Amino acid sequence: MPRAADPRLYLITPSTIDDPDAFAALVDDALQGGDVAALQVRLKDTPDRQINAVVKALKPVCEAHGVALILNDRPDLAIRLGCDGVHVGQEDAPYEEARRIMGKDRIVGVTCHDSRHLAMDASEAGADYVAFGAFFATTTKDAPTQADIAILDIWQEAMTTPCVAIGGITVDNCAPLIAAGADFIAVSAGVWAYAEGPRAAVAAFNAKLKG
């Protein structure tokens, strides 16, 4: 996920997906709303067979739209299922292990919370992107830290590794993050729970990102 001229949208799935095929159809419709760089499958405390089913349903949809399919936490499953990459948190597999499993040609992103130190370590180790957050209150996950928007400005001035902003981001509050230099805006509920539907949310985010 190289740094692009314009910031891009990075979607994250809901934490539970009961019907993989129905969700894949929803994603297919959403992706017709505009540009999306990546879709992260984030299913905590979910049996492997269910993750397998979700990835299997989503993979052709992502390929058709040119969207990178990223699996959260599990480099072992990500490589076995043919995902484009994996995202690891500070309590998941270490970056070095994830990279060894995924190889040099697939994406490995790292959660860095509100820490430039963690981000610099990840960047210097070779991470494809670092993720800062949470920037706003979120119900999608328990956020251990709240990041200051200034960290994005500082990162852009000093580093070339792309950065992802995450945590409680909506169409209404994303503008300061874009202005501060986020390369990617990571959104979950801000798309799936959007009043006018996910496709309209993707279109609305793209209008902000390109504006």
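Considering only residues of region 12-25 that are of a type in the set (A, V, I, L, M, F, W, C) and in contact with a helix residue (DSSP H, G or I) (Cβ under 6 Å, 6 or more places away or on another chain), which is surrounded by the most Cβ atoms within 10 Å (Cβ to Cβ)?
At the first step, the residues of region 12-25 found to be of a type in the set (A, V, I, L, M, F, W, C) are 12, 17, 22-25.
Right, trim to in contact with a helix residue (DSSP H, G or I) (Cβ under 6 Å, 6 or more places away or on another chain) and you get 17, 24.
Numbers: Ile17: 21, Ala24: 19.
Among those residues, the one meeting the criterion is Ile17.
Going by what's in this entry, would Ala57 be described as within 18 Å of Ile166 (Cα to Cα), touching a residue at least 12 places away in the same chain (Cβ under 8 Å) and of a type in the set (Gly, Ala, Ser)? If you could, list the steps in order and put the result at the bottom.
Values: within 18 Å of Ile166 (Cα to Cα): no; touching a residue at least 12 places away in the same chain (Cβ under 8 Å): yes; of a type in the set (Gly, Ala, Ser): yes.
Judged against the criteria, Ala57 is not a match.
Filter region 61-86 for residues that are surrounded by fewer than 19 Cβ atoms within 10 Å (Cβ to Cβ) and either without any contact (Cβ under 8 Å) to a residue 12 or more places away in the chain or among the polar types (S, T, N, Q) (or both) and give the result.
Within region 61-86, Glu63, Gly66, Arg80 meet the criteria.
Residues that are surrounded by 20 or more Cβ atoms within 10 Å (Cβ to Cβ), of a type in the set (A, V, I, L, M, F, W, C), part of a strand (DSSP E or B) and under 15 Å from the mean Cα position of the chain (by Cα): does region 39-57 have at least one?
yes
Run Val36 past the list (1) assigned to a strand (DSSP E or B); (2) hydrophobic (A, V, I, L, M, F, W, C); (3) in contact (Cβ under 8 Å) with a residue 60 or more places away in the chain and report the number of the one that doesn't hold.
Status for Val36: all satisfied but (1).
Return the total of residues in region 88-110 being in contact (Cβ under 8 Å) with a residue 12 or more places away in the chain and more than 10 Å from Ala127 (Cβ to Cβ).
Number satisfying all stated conditions: 10.
Take Ala30 and decide whether it is over 18 Å from Ala127 (Cβ atoms), buried (at least 22 other Cβ atoms within 10 Å of the Cβ) and of a type in the set (Gly, Ala, Ser).
On the way: over 18 Å from Ala127 (Cβ atoms): yes; buried (at least 22 other Cβ atoms within 10 Å of the Cβ): yes; of a type in the set (Gly, Ala, Ser): yes.
So Ala30 fits the description; yes.
Since every read-out is calculated from the coordinates, none of them should be taken as a lab result. Since we're looking at a predicted model, the values are computed, not measured. With ideal geometry, Cβ positions are generated from the backbone for all residues, glycine too; neighbour counts draw on all protein chains shown.
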